[in-house]
1. A:R70 fails exactly one of the following numbered conditions: (1) within 12 Å of RNA strand B (Cβ to nearest atom); (2) part of a helix (DSSP H, G or I); (3) open to solvent by 10 Å² or more (accessible area, probe 1.4 Å). What is the number of that condition?
2. Filter region A:425-449 down to the residues that are of a type in the set (D, E) and surrounded by 15 or more Cβ atoms within 10 Å (Cβ to Cβ) and list them by number.
3. Identify the residue in region A:294-320 that is more than 22 Å from A:D252 (Cβ to Cβ) and open to solvent by 50 Å² or more (accessible area, probe 1.4 Å) and, among all such residues, is nearest to RNA strand B (Cβ to nearest atom).
4. Output yes when any residue across region A:220-242 is crowded, with 20+ Cβ neighbours inside 10 Å, within 23 Å of A:E185 (Cβ to Cβ), near RNA strand B (Cβ under 9 Å from one of its atoms) and of a type in the set (A, V, I, L, M, F, W, C), and no when none is.
5. Taking region A:450-487 only, how many residues are open to solvent by 40 Å² or more (accessible area, probe 1.4 Å) and within 15 Å of A:F388 (Cβ to Cβ)?
6. Select from region A:261-270 the residues that are open to solvent by less than 40 Å² (accessible area, probe 1.4 Å) and either assigned to a loop (DSSP other than H, G, I, E, B) or closer than 17 Å to A:L333 by Cβ (or both) and list them in ascending order.
7. Being within 25 Å of the chain's Cα centre (by Cα) and either at positive phi or free of Cβ contacts under 8 Å to residues at least 40 places away in the same chain (or both) is the filter here, so list the residues in region A:206-251 that pass it.
8. Is there a residue in region A:371-381 that is open to solvent by 50 Å² or more (accessible area, probe 1.4 Å) and either within 13 Å of RNA strand B (Cβ to nearest atom) or not assigned by TED's automatic domain parsing to the domain that holds A:E340 (or both)?
Amino acid sequence: MREYMRIAKAQTANQCPNHPAVNAARVQFVLCNFRLSFHPSSFTLHPFMIPPRVRFAPSPTGYLHVGGARTALFNWLYARSLGGQFILRIEDTDEARNTEAAMRAIFDGLRWLGLDWDEGPEAGGEYGPYFQSQRKSIYDTYLAKLEAAGRVYEDNGAIRFKFSRESVTIPDMICGDIKFAATEEPDMTIRRPDGGYIFHFVNVVDDIEMRVTHVIRGEDHISNTWKHIDLCRALGAEPPVYGHIPLILNPDGSKMSKRDEGASVAGYMDAGFLPAAVFNYLCLLGWTPRLPSEIITSEDAIQAFDISEIHHSNARFDMAKCTWLNQQHLRALTGHALVEQARPWLEKSGLQVGDPAYAARALESVKEKVSLAREFPGWTHFFFREDFPSEEEATTKLKANTQSQQLLYALGDALKNAPGWDEASLTQTINSVATEQKIKPGALMPLLRASLSGQMRGPDVKVMMGVLGRDRVISRISRVASTIAQS
RNA sequence: GACCCCUUCGUCUAACGGUUAGGACACAUCCCUUUCACGGAUGCGAUACGAGUUCGAUUCUCGUAGGGGUCGCCA
């Protein structure tokens, strides 16, 4: 197998030397088909084989689960890396779950992550409708095929599909060959007495109808796959190629369900995660992009994606690493992008962003200290208002030193007459005050910090002074100095 | 219970059958420093167990144990 891969890569590289990534991906695609359809001895390369059509088919449960999001992500990467189509189909045959809000959660989550679909709700496409609730007549037609083939029978008003009961070997793009012995499981119900169709049936029919070539889904479906293939063949269609990806578990190894930390994509939005970071983390859970850094963009992922490299074992969710990645991505933001990322959180805290250039400088002064965007207000609120609170610790610091008031007045006077407001001038000014007062320059810093921000941790003091500007700095210093006098 | 998937540091993972079993996160210590971070350095820490094949096994085979999944008139 490895040898075929090597030859295939060499051949496609020759054909299209300008697009090595596309070629590597194409080879992968070819090989996945090859695994299914060809014996090694008859292996031939088909570099211009039709691009894959994959789909993400969630049920509108009211939220987008990270496991589902990662399934969508791997499907999307597969399509994007091979120039194929990514289809979104809503499996809403269970009418109780079929609400507009439940649907929105899925659309919003996917869009937030940047997983755009080529066909599906709000995108159109020639194989619609993309809601199973609107496809009943199609299912009726396919049921008739099964009836004609003598593969169904009625059971108390429900309709069951007669299994062929043969042992099968399923070539899985990720797990390799999976063998299933002939089963004694009861035949599968495909339609309820009320006429509603069951998941397994509609899922298979839609994949046939929508020309889906590759089904990439959660490992929880491995055991259902032989049934789907059986159904597919009974309908006279060639089954798609399957690939089963491992599940995401809680840190303790249990199954991740709705209320668990990190389970809902909306939770990441609410916590101030960057979509790029969550995208990045999901890539790393179950797949190792062979890139120099673990910090990657979606473009990197598309370039590097190789479905055969997806792992076979379940992975536990690690919020600490996801948060670290968010910090890494946050650091890469500058100017406008940084302001827009922080804006909702600042406004939610009642802060007016105002001049974007000023806001950008304020945010950049702390961005390396922030892990999640929602932490921005806590670090920068004093840049955006004069009536900021003074924390207990800062007040104590100012009052503990009997010289505080005198030092602040001296600083205020010196800063008023500082020759400039750049870092060098500020350093010079502060140093000369320190010399005058016979103390170390470092001793002035906490006083300045407390006076200017009301807290004992924050941006570099001189950077903070630079952003605030001379007028605000002097007025804050004198205000604090006089407050100390009153108390 | 039957069937299927899986098993390397706490977590995510790397290692043509030959490596002092590598990296990232987390943790600890130190350096840098006005704070908090970033950055740098160091440390802690793993091949589930038992057989077999082999000169040699994390790697291949079998068994055991453990984890996960499927077996709906849910999706």
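1. (3)
2. none
3. The qualifying residue nearest to RNA strand B (Cβ to nearest atom) is A:E294.
4. The answer is yes, given that some residue of region A:220-242 is crowded, with 20+ Cβ neighbours inside 10 Å, within 23 Å of A:E185 (Cβ to Cβ), near RNA strand B (Cβ under 9 Å from one of its atoms) and of a type in the set (A, V, I, L, M, F, W, C).
5. 6
6. A:G262, A:A263, A:Y268
7. A:D220, A:H221
8. yes
The values are calculated or read from the model by the stated rules, or taken from the named source; none is laboratory data. None of these values were measured; they are calculated from a predicted model. Positions of Cβ are backbone-derived with ideal geometry, glycine not excepted, and every protein chain shown enters the neighbour counts. The area values use the complete protein model at the heavy-atom level, side chains included, leaving out ligands, DNA and RNA. Shrake-Rupley method; radii C 1.70, N 1.55, O 1.52, S 1.80 Å.
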